[in-house]
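Report on the structure given below.
All of the numbers you see were taken from the coordinates with simple rules; none came from a lab. Since we're looking at a predicted model, the values are computed, not measured. Cβ placement follows ideal geometry from the backbone for every residue including glycine, while neighbour counts extend to all protein chains displayed.
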C-alpha cells in the first residue's frame, strides 16, 4: 500500500511536498484508500500471475481475465485469473521430407519494355493547349456522379486528372472526354463493371457530369541513348539492363514470399492441432486490421474513408480475415514447435550488433534508446531472429 501511495503521489500535486515524498496519511486523505488499494492490486496481480505460470510451467496466450472476488481496505484480497493456454501440436508435419517446387525467375522482354515506357512517361512534358482533347492528351475535369438524381458518396472529384490513352477508368469515360475543349460541359451515363470494388455501384448505371478545365498535350521523350543519359545511365542498353535487374530482384522477392506461403500451407495441411482458443484468432485479426490501417495511413487515407471506399464495415473485415488469421496462427504455432524441436537459438553477439545498429539511429532520443535496450525488446528481437533462422532452415530443406 505504501508503494502504491508513492506511485500515486508522483502523479498528484500535493502542496508542500515534492512528487513521491508526501506522507502516506496525507496521500490517503487526498486520493482515498480505495484508490491506493486499486493501484496496489495491479502490481499484486501481475506478480502472482507470473509466479503461478512459472510454478505450473504453462504457456499462456492473450491477456489474462482478472475477476476480483474480494477487494476492500484492511481485508484479505481474493481474485481469480482465467487465461487461454497455448494450443498443443498433436502431430507435426514431416518438414524434412516435404518438398516445394521453385520455378525459375524470368523477366520477359514485354514486361521490361512496358516498364521502360513507364519510366519515359514519368519524364513526359506537359503544356496546356487550346484545342479539343485527343486520345494522346491528359485532361483535368470537374467530375460528379449521381444515381437517381442523388449524389453518390465520394462521387465529387474536382480537378480530376485523366490520361485519355489509358483504360483504367470506368469503361467508356475516356471516349466521352475525347473531343471536349476547356470550359465545355457534358452529361452522360455509364455502367460500372460488374466486379467493381464498390458493391453498391457494381453493374449499375451512373449519371456523370463533367466540366473540362484544361487539355494538356503530352510530349513524351524519345527512348534512345540521350534519354538514358538524361536519367543517369550510360546508354539505352545500360538502362534496359538496370531495369531488367531491378525487375528480377522484385520478382525474386515476390517468389520468396510465395514459397514461404506455400511451405506453411503444406505444413498446416499435414499438421494436427489441438483446439485453438478463439482469443488467439481474434488477436491475429486485430493485428491484420492494424496492418491494413497502417497501410491506408501511409497512402494518406483515413481508415474510415478506406472502409467507405470498399463499402465494408469493421465487422465485415473481421469476418473476412478470420480464415487467414487462423492460417497465420497455425503457421506461428508450427514455427514455434520447429524452433523448440531443432533447438534454434539467437546468437547473443548478433543480437548485440543488431540492437546497437538500431540504437544508432536514435542518438539524440534517450527514451527510444532506453526502449531498444530494454529486456522486453531484446526478447522480441531474439524471437524475430529465431523465426528467421527457422524459416531459412525450412526453405533449405523443402525448396527444390
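Here are the numbers for the structure shown:
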quantity: Between region 360-400 and region 23-39, the Cα center-to-center distance that results, in Å; calculated: 42 Å
quantity: Packing-based order for 61-69, 379-387, using average beta carbon neighbours within 10 Å, highest first; calculated: 379-387, 61-69
quantity: Three-way shape label, region 2-85, alpha-carbon gyration tensor, a/c 1.5; calculated: prolate
quantity: Potential lengthening between residue 181 and residue 148 on full extension [0.36 nm per residue; Cα-Cα distance subtracted]; calculated: 9.1 nm
quantity: Length-normalised contact order of region 125-219 in % [C-alpha pairs under 8 Å, at least 6 apart]; calculated: 42 percent
quantity: 0 to 90° range, to nearest 10: angle between helix 314-342 axis and the chain longest Cα axis; calculated: 60 degrees
quantity: Calculated FRET value between residue 99 and residue 292, using beta carbons and R₀ = 35 Å, to 0.05; calculated: 0.55
quantity: Modelled FRET efficiency - R0 60 Å, residue 81 with residue 230, Cβ distances, 0.05 increments; calculated: 0.35
quantity: Value of [θ]222 nm, deg cm²/dmol, for the chain, DSSP H segments ≥ 4, -39500 (n - 2.57) each, nearest 500; calculated: -16500 deg cm²/dmol
quantity: Among (i) 30.8, 88; (ii) 24.2, 101; (iii) 28.0, 95, the entry that matches Rg and Dmax of the Cα atoms in Å as calculated here; calculated: (i)
quantity: Angle between the chain longest axis and helix 236-269 axis [Cα atoms, degrees, rounded to 10]; calculated: 40 degrees
quantity: Bridge type composition, the chain - antiparallel percent by DSSP, nearest 5; calculated: 95 percent
quantity: Relative contact order (percent, whole number), the chain, Cα cutoff 8 Å, 6+ residue spacing; calculated: 17 percent
quantity: Helix 2-11 axis, angle to the chain major axis (alpha carbon atoms, nearest 10°); calculated: 30 degrees
quantity: Label-point separation in nm, residue 29 to residue 238, each point 7 Å along Cα→Cβ; calculated: 8.3 nm
quantity: Three-way shape call for region 236-398 based on the alpha-carbon gyration tensor, with the a/c threshold at 1.5; calculated: rounded
quantity: Simple spin-label estimate for residue 250 and residue 92 in nanometres, 7 Å along Cα-Cβ; calculated: 3.8 nm
